[in-house]
Amino acid sequence: MNEDGNKGRVDLTGEGVHWDLGSSQSYGEYLQLARVLSAQQPVSGEHDEMMFIVVHQVSELWIRLFLHELDFVQRCVVRDDLDPSFKALQRISKVQAQLFGAWEIMATMTPSDYTLFRNQLGRSSGFQSMQYRLMEFGLGNKNADMIRVHQRNPEDYARLKRALHAPSLYDEVLRLLSRRGYGVPQELLDRDFSQPYVSSKAVTGAWLGVYHNADKDWDLYELAEGLVDLDHRFQLWRFQHMKTVERIIGHKPGTGGTSGVSYLAKALELRFFPELWQARTSL
């Protein structure tokens, strides 16, 4: 026992620890940690490059979970079983919080630190993230031009093309509103899902109906608030991304060929569920 009265180590007596795993898989084997932890391959030898790689890889893993939960929410909406979707939407908000944290870690890198290895990236850029594009498409921000950069990977390109032409979460939500008797124009229900969504006054009116009838359609009301929360957090993430980039490289062009901060600023006003924001003015 130490002088302060604390034991120097945890007493494992009677804990029944499985020291011999026998034929069972281990923690590392289950999580395939050998593969995961060997995926960080810095090319410059500069100290901060490891952080840069890890932050981006971890973000991609969080986005993978985001997509997993988003798909679940959409399937709940399709079958008009909203209660399970609320937990998934809450989990998405926690995933978004982790993505915010990634930018905070990235912001510890100074412009001088990044300059030491930036040229090693070549033309690679987060703009080319296949999962990020799936996330945008799944939430309704469709743009066919965005998949061109993925043509070198036929599997990714095919997956993105399917997502481009598939209904987004919001498309399915509008179908649900229509099934519940709210006035959604038929042309929105039958539209070309590969095209950008254009907001509708009729849909704003439908959402106003949901808010005014929350007692009757509480699940739709709760869904609406969950979508607003998701959209709000996504906008904050975009803003944090832009400010982190500005802090590190100023207004230099991005490695993927965009204008950098100026390009990122264009996305700040994008909203996935515009009528939910418009309805607030009339409530």
Expected 222 nm ellipticity per residue - DSSP helices of 4 or more, -39500 (n - 2.57), all of the chain, to 500: -18500 deg cm²/dmol
Give me V149, V10 sorted ascending by neighbouring Cβ count inside 10 Å, so fewest comes first. V10, V149
Taking Cα pairs under 8 Å and at least six residues apart, what relative contact order does region 133-260 come out at, in percent? 19 percent
The chain: spread of alpha-carbon positions along the three principal axes, whole Å, largest first, is 70, 55, 41
Where only alpha carbons of region 93-139 are counted, the Rg and the Dmax (Å): 13.7, 37
Let me know the charge dipole size of region 77-151 about its Cα centre in debye, to the nearest 20, where only the beta-carbon of Lys, Arg (+1) and Asp, Glu (-1) is charged. 200 debye
For region 24-154, Rg(Cα) over 2.2 N^0.38 Å is 1.26
Rg(Cα)/(2.2 N^0.38 Å) for region 134-262, N = residue count: 1.29
Estimated inter-spin distance, L12 and A166, nm [label 7 Å along Cα→Cβ]: 4.5 nm
Report the full-extension gain for the segment T115 to A267: residue separation times 0.36 nm, less the Cα-Cα distance, to one decimal in nm. 52.1 nm
Provide S124, S194, S178 in ascending order of the number of other Cβ atoms located within 10 Å of each residue's Cβ, fewest first. S124, S194, S178
Students often forget the sequence filter, so: which lysines lie under 28 Å Cα-Cα from K216 once same-chain residues fewer than 8 apart are removed? K87, K201
Taking Cα pairs closer than 8 Å and at least 6 residues apart, the relative contact order of the chain in percent is 20 percent
Excluding same-chain residues fewer than 8 positions from K94, which lysines have a Cα within less than 24 Å of its Cα? K243
Compute the distance in nm between two label points, each set 7 Å from the Cα along the Cα-to-Cβ direction, one at M50 and one at L21. 2.4 nm
Percentage relative contact order, region 6-112, counting C-alpha pairs under 8 Å, at least six apart: 22 percent
Residue order, fewest to most beta carbons within 10 Å, for F273, F86, F100: F100, F86, F273
I need the per residue convex hull volume for region 28-85, using only the alpha carbons, in cubic angstrom as a whole number. 106 Å³
Column: log10 I(q)/I(0), Debye, Cα scatterers of region 102-191, q = 0.19 Å⁻¹: -0.92
Here, T258 and E29, labelled 7 Å along Cα→Cβ, have an inter-label distance in nm of 4.3 nm
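Bear in mind these aren't lab numbers, they're just calculated from the coordinates by the rules spelled out. Treat the numbers as computed from the prediction; the structure is a model and nothing was measured. FYI the Cβ positions are ideal-geometry reconstructions off the backbone, even for glycines, and counts take in every protein chain you see.
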